[in-house]
Amino acid sequence: MQCSRPVISFVIFLALTVGGTARAQEFDCADKYCSRMSSCAEAHYKLTVCGQSKRDGDGDGIPCENVCGKTMKVYCALLELDGVTSALPAECPPR
């Protein structure tokens, strides 16, 4: 199933209005549920910096899919909106 442009636009709108622009230095490696993550950037940090592989339960490279989306395209878009520049998945377009 592919997302249509309106769905992706809605996800980006939500990220801008809810997720904000959190930066990695604001995060720590404390364990917490995905539902408690403040942004996709935080979930990305927990997976890539803290090594919390349980954040990617299905092994597709996307952590906390309730926060970061279910497709790599949405995940990459949310990371870009959050200002994440390190440890990006290879599937994300270069910036």
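The numbers here are math on the coordinates, done by the rules we state, and not lab data. Fair warning: this is a prediction, and the values are worked out from it, not measured in the lab. No Cβ is skipped: glycine too gets one built from the backbone with ideal geometry, and neighbour counts run over all protein chains shown.
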Worksheet item: By how many nm would the segment from residue 91 to residue 28 grow when fully extended, if each residue of separation counts as 0.36 nm and the alpha-carbon distance is taken off?
Response: 20.1 nm
Worksheet item: Got a sec to turn the phi values of the stretch 36-45 into Karplus ³J(HN,Hα) couplings, 6.51 cos²θ - 1.76 cosθ + 1.60 with θ = phi - 60°, whole Hz, x for Gly and Pro?
Response: 9, 5, 7, 6, 5, 4, 5, 4, 4, 4
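Using the Cα centre as the reference, give the magnitude of the dipole from point charges on the C-beta atoms of the stretch 26-87 (Lys, Arg: +1; Asp, Glu: -1; all else neutral), rounded to the nearest 20 debye. Let's see the in-between values first.
Working: 7 positive and 10 negative charges, 26 e Å.
Once rounded to the nearest 20, the dipole reads 120 debye.
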Worksheet item: Can you pull out the GluC sites (Glu not before Pro) in the stretch 50-95 that DSSP calls coil and that have at most 12 other Cβ atoms within 10 Å?
Response: 91
Worksheet item: Which one of 45, 66, 78 is farthest out on the positive end of the charge dipole of the stretch 26-87, using unit charges on Cβ (Lys, Arg +1; Asp, Glu -1) and the Cα centre as origin?
Response: 66
Discussion item. What lysines does residue 32 reach when the alpha-carbon gap must be under 23 Å and sequence neighbours fewer than 8 apart in one chain are set aside?
Written reply: 46, 54, 70
Fill in: Percent RCO, i.e. relative contact order, over the stretch 26-87, from Cα pairs under 8 Å lying at least 6 residues apart
31 percent
